[in-house]
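Q: Below is the structure I would like to discuss, written out as structure tokens.
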Amino acid sequence: MTNDEYNNTQDLLMDVDGLDFLDQEGDSTDSVDLTISMDPVSNAPMVSFPNEQPTGKALKFKFSNVSSRSLAFDDVQSNNKLFPVKLLNLDESKEFAQYVSKLFELYQGLGEHRKNDVPTIGLIKQTSRQEHLSIINLAFQALVTELEFYIESIKYTNKLQRIGDLEECLSILNCLKTLYFITDSPGWKQEDFLESLINWINRSDGEPNEAIIAEVFDTSLLTRRKVYETTGFWDLIAQLLLRGLWSQAIQCISKSQLLEHDEEPVRIFATDLITIIETYPLQSDSLFREWKNSVLQLINNWDEQDVEPEIKKSMMNIFMILSGSKNKICEFSQYWYESYCGLMLYYIPTLELSNEYGQLATNNNAIDVCNNWETACYDIICDRVADILPVLESLDLATAAFVAVLCESKGVIRTDFHEIFSHKDENMDSINAFETDPTISGFLMNQLALNLCTYDDKTLWPISVGLISLLPDIGDATKRTTLAELLPHFPYSTNDDIEWLLTVCAKWRLPEVARSIYKILGQDTLYQNNVVEAMSNFSKAGEYEWVKHYSWMIFEASVLKGAPLDDITINAIVSGDSESFSIPKDLIDSMVTDVMRQALSPYAVLYEFHKLVESNEIEKAIDNMIQLISFPYMPDQYCILLLARFFYPMFLVPENIRLQESQIFTLLKRLEKVQINDACHLLYSQLKNGENKVNSLPDSIDSLIRDVRKTLNYKVCQAFM
């Protein structure tokens, strides 16, 4: 045998890449690299801050409902710097969002099959139960596939802890699928069950690894011995057979030169061994019985052979494993799940003995309690499926929630809280006789829905709202209350986001929430100096005082400027001629409310006044200004402002402009009602000293009013002359 034959062991391995195990190599695609270290005192893991590292020791943390807005600050130092905090185990990747989205599609597609409702009255279809189980099994298999895709998508990132948790989830799900979601499917085959069993065992830990096989076939360690003369070789063959890795076992036997043994019986029985392994019947029980009889006949014949004792004993052990010997299977198993797989493959491949196999396997090889998946898988074997949900929840809440739904839908677990706590209230059963009992799946789904809203990813919000809407355990009133708390915190950024928010509010009849959303939108648009849109949102929110306030601000700005504002949107609204400003009429109509039009009416009259002055229509301009000044709801400070900015310098100071008697008396009556306040003095001072100051004004408001009265009296005389 050449050295190449010993060294070429790569083809003896499982296709590890095909099984998508954790690969710690590869470039990280994460934008933030979090350094993990251990605290020397408590030995607890420490995570670095994503950007600048604080130097102070008296750190305080403020965690937000949205995780990305959490902050830390030093309460001692005077610089008051804020440090963003990033949680290590929080997966905010786009791959996670896609994974949850796919799971929600599965959940939504289940329809009436989300519940394990067994029809008892009416026309009952005989195949309805079978169809229900088939749909649930397909959904669970799709869930496993989506988890595999998710792990593959983050395989080359630096989220090693996250990938490890997901791999443990996948091991648990593969075990659960094997034992509960295959054998009752219509048209299922034993081959599907056994292949799923083998995939679960080998995907979980990836044994035997390349180093073990390389060591067995390493020529430098053989020291003139053949490969088949070492115990490591036979242990490897036994491990491969116990795990159902038959092709790898055959390759190892072929490369060991066992087929070239000096003794002819050994060569013959080695060939028979390969034939027996190659013909293992995955398809049916009847073929399995015939195959096992062949193994037993092979054992009897081998026992009669006079060959070298060591080789005879080693091959006998392999034959005994294939015959289903419990003692030999447990003896050559390194892990309890290898024993379980070996017993299921070679003793009797039936789930009826699954519990017995599990007990026998753990009696000889203890469960590694440090591995979450080992404990959970043993609970599954022992028909304690509900016990795995806390483990899954600690690894990945989304996966745990959907697993709980499918398990309850199939009747694998039943965790009604009313049933659990019914002993505390004798009347509980009668009170809730016609109500939907809360379940653990409903609890986990509700937790998941709320949890998704803590991510700084708005694409997860529709999933959260969808989950809440589809929850069967709570009524519409509770759902409305929950949505009313969540929706105002939605991280919107586009008009489509706002439209989606308001659509949800309309569907669930949440007018108060819609008003709160409009109020938040108004504040945001106001912060962006978009006054018109802010007023529109405030009016839709019912905040009419804010609409009035900003309408008067617009009016004041135009008066101080002495001309229309430069805002084409506002001018298009008050003029009613949007085409002149190249603004679509539909846009104006959708933005402007009746409250806005009413609140902007003083500025509309003022805007018309400016246009009349520009066109030199003085008489109409005077009528227009007198209407403004005599407006019953015109604040006193603006009445003084209009007199000082327009009426006094434009229509009273020039002697050639005549006023009608009715106009003069209207102004005098208005002046009698004016009460001078601080706002009057402030605006008058700004008018005299501001950017658009009027130089011909008297020094004070009192002087202005005296001059106005005096001039009006003179105008009265002119009217009678």
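The values are calculated or read from the model by the stated rules, or taken from the named source; none is laboratory data. Small disclaimer: the values here were computed from a predicted structure and weren't measured. Quick reminder, even Gly has a Cβ in these numbers, built from the backbone with ideal geometry, and neighbours come from all protein chains shown. SASA here: full protein model, heavy atoms, side chains in, ligands and nucleic acids out. Shrake-Rupley method; radii C 1.70, N 1.55, O 1.52, S 1.80 Å.
Q: On the basis of being part of a helix (DSSP H, G or I) and under 56 Å from the mean Cα position of the chain (by Cα), does Gln686 make the cut?
A: yes
Q: Return only the number of the condition from (1) surrounded by 16 or more Cβ atoms within 10 Å (Cβ to Cβ); (2) farther than 24 Å from Ala97 by Cα; (3) modelled with pLDDT under 90 that Phe490 does not satisfy.
A: Condition (2) is where Phe490 drops out.
Q: A further question follows. Cβ-Cβ below 6 Å, separation at least six or inter-chain, first residue in the stretch 550-568 and within 15 Å of Pro602 (Cβ to Cβ), second assigned to a loop (DSSP other than H, G, I, E, B) and open to solvent by less than 50 Å² (accessible area, probe 1.4 Å): which pairs?
A: Filtered contacts from the stretch 550-568: Ser551/Leu600; Ser558/Leu565.
Q: I'd like the residue in the stretch 652-662 that is open to solvent by less than 70 Å² (accessible area, probe 1.4 Å) and aliphatic (A, V, I, L, M) and, out of all such residues, is nearest to Glu617 (Cα to Cα).
A: Selected residue: Ile657.
Q: So which helices (runs of 4 or more DSSP H) stay within the stretch 384-430 end to end and still have 3 or more residues that are at pLDDT below 90, open to solvent by 10 Å² or more (accessible area, probe 1.4 Å) and among the hydroxyl-bearing types (Ser, Thr, Tyr)?
A: Filter on the stretch 384-430 gives an empty set.
Q: Using beta carbons and a limit of 6 Å, which pairs, at least six apart or on different chains, have the first residue in the stretch 473-491 and in the same structural domain as Cys505 (by the TED database) and the second one part of a loop (DSSP other than H, G, I, E, B)?
A: These pairs meet every condition: Asp473/Thr436; Asp473/Pro438; Arg480/Trp508; Leu483/Trp508; Ala484/Leu510; Leu486/Cys453.
Q: Looking at the stretch 352-360, is at least one residue touching a residue at least 40 places away in the same chain (Cβ under 8 Å) and over 21 Å from Ser441 (Cα atoms)?
A: Yes: the stretch 352-360 contains one or more residues that are touching a residue at least 40 places away in the same chain (Cβ under 8 Å) and over 21 Å from Ser441 (Cα atoms).
Q: Could you say which residue among Glu264, Glu304, Glu290, Glu310 is open to solvent by 20 Å² or more (accessible area, probe 1.4 Å), touching a residue at least 24 places away in the same chain (Cβ under 8 Å), of a type in the set (Asp, Glu) and over 17 Å from Leu245 (Cα atoms)?
A: Just one listed residue meets the conditions, Glu310.
Q: Report, by residue number, each residue of the stretch 170-194 that is closer than 14 Å to Tyr378 by Cα and in contact with a Leu (Cβ under 8 Å, 6 or more places away or on another chain).
A: Within the stretch 170-194, Ile172, Leu173, Thr178, Leu179 qualify.
Q: Could you say whether any residue in the stretch 177-188 is closer than 19 Å to Ser333 by Cα and not charged (D, E, K, R)?
A: Within the stretch 177-188 (the criterion being closer than 19 Å to Ser333 by Cα and not charged (D, E, K, R)), the answer is no, since none of the residues qualifies.
Q: Is there a residue in the stretch 495-502 that is at pLDDT 90 or above, assigned to a loop (DSSP other than H, G, I, E, B), of a type outside the set (D, E, K, R) and within 24 Å of Asp594 (Cα to Cα)?
A: No, because not a single residue in the stretch 495-502 is at pLDDT 90 or above, assigned to a loop (DSSP other than H, G, I, E, B), of a type outside the set (D, E, K, R) and within 24 Å of Asp594 (Cα to Cα).
Q: Can I ask one more? When you scan the stretch 674-689, do you find a residue that is charged (D, E, K, R) and open to solvent by 40 Å² or more (accessible area, probe 1.4 Å), even just one?
A: Within the stretch 674-689 (the criterion being charged (D, E, K, R) and open to solvent by 40 Å² or more (accessible area, probe 1.4 Å)), the answer is yes, since at least one residue qualifies.
Q: Across the stretch 102-123, what is the total count of residues that are at pLDDT 80 or above and exposed (fewer than 15 other Cβ atoms within 10 Å of the Cβ)?
A: Of the residues in that region, 5 qualify.
Q: Do you know which of the residues in the stretch 681-693 that are touching a helix residue (DSSP H, G or I) at 6+ places or on another chain (Cβ under 6 Å) and either farther than 16 Å from Tyr638 by Cα or not aromatic (Phe, Trp, Tyr) (or both) is modelled with the lowest pLDDT?
A: In this case the residue turns out to be Asn692.
Q: Another question, if that's okay. Hey, among the residues in the stretch 595-641 that are without any contact (Cβ under 8 Å) to a residue 12 or more places away in the chain and acidic (Asp, Glu), which one's least open to solvent (accessible area, probe 1.4 Å)?
A: So the residue we want is Glu617.
Q: May I pose another question? So, of the residues in the stretch 671-683 that are more than 23 Å from Lys561 (Cβ to Cβ) and part of a helix (DSSP H, G or I), which turns out to be nearest to the chain's Cα centre (by Cα)?
A: Lys673
Q: Go through the stretch 247-261 and report how many residues are within 52 Å of the chain's Cα centre (by Cα) and open to solvent by 40 Å² or more (accessible area, probe 1.4 Å).
A: 4
Q: For the stretch 576-593, give me each residue that is out of contact with any Lys or Arg (no Cβ under 8 Å at 6 or more places or on another chain), without any contact (Cβ under 8 Å) to a residue 40 or more places away in the chain and not basic (Lys, Arg).
A: Across the stretch 576-593, the qualifying residues are Gly576, Asp577, Ser580, Phe581, Ser582, Ile583, Pro584, Asp586, Leu587, Ile588, Asp589, Ser590.
Q: Which is open to solvent by 10 Å² or more (accessible area, probe 1.4 Å) and either hydroxyl-bearing (Ser, Thr, Tyr) or closer than 30 Å to Tyr180 by Cα (or both), of Ser339, Ser325?
A: Of the residues listed, the single one that is open to solvent by 10 Å² or more (accessible area, probe 1.4 Å) and either hydroxyl-bearing (Ser, Thr, Tyr) or closer than 30 Å to Tyr180 by Cα (or both) is Ser325.
Q: Now, a different point. Kindly indicate whether Asp456 is part of a helix (DSSP H, G or I), surrounded by fewer than 19 Cβ atoms within 10 Å (Cβ to Cβ) and not assigned by the TED database to the domain that holds Ile640.
A: Judged against the criteria, Asp456 is not a match.
Q: Taking only the stretch 144-195 into account, find how many residues are within 20 Å of Leu106 (Cα to Cα), assigned to a helix (DSSP H, G or I) and open to solvent by 20 Å² or more (accessible area, probe 1.4 Å).
A: Selection size over the stretch 144-195: 8.
Q: Only one of (1) of a type in the set (A, V, I, L, M, F, W, C); (2) part of a loop (DSSP other than H, G, I, E, B); (3) open to solvent by 30 Å² or more (accessible area, probe 1.4 Å) is not met by Phe665, so which one is it?
A: For Phe665, the exception is condition (2).
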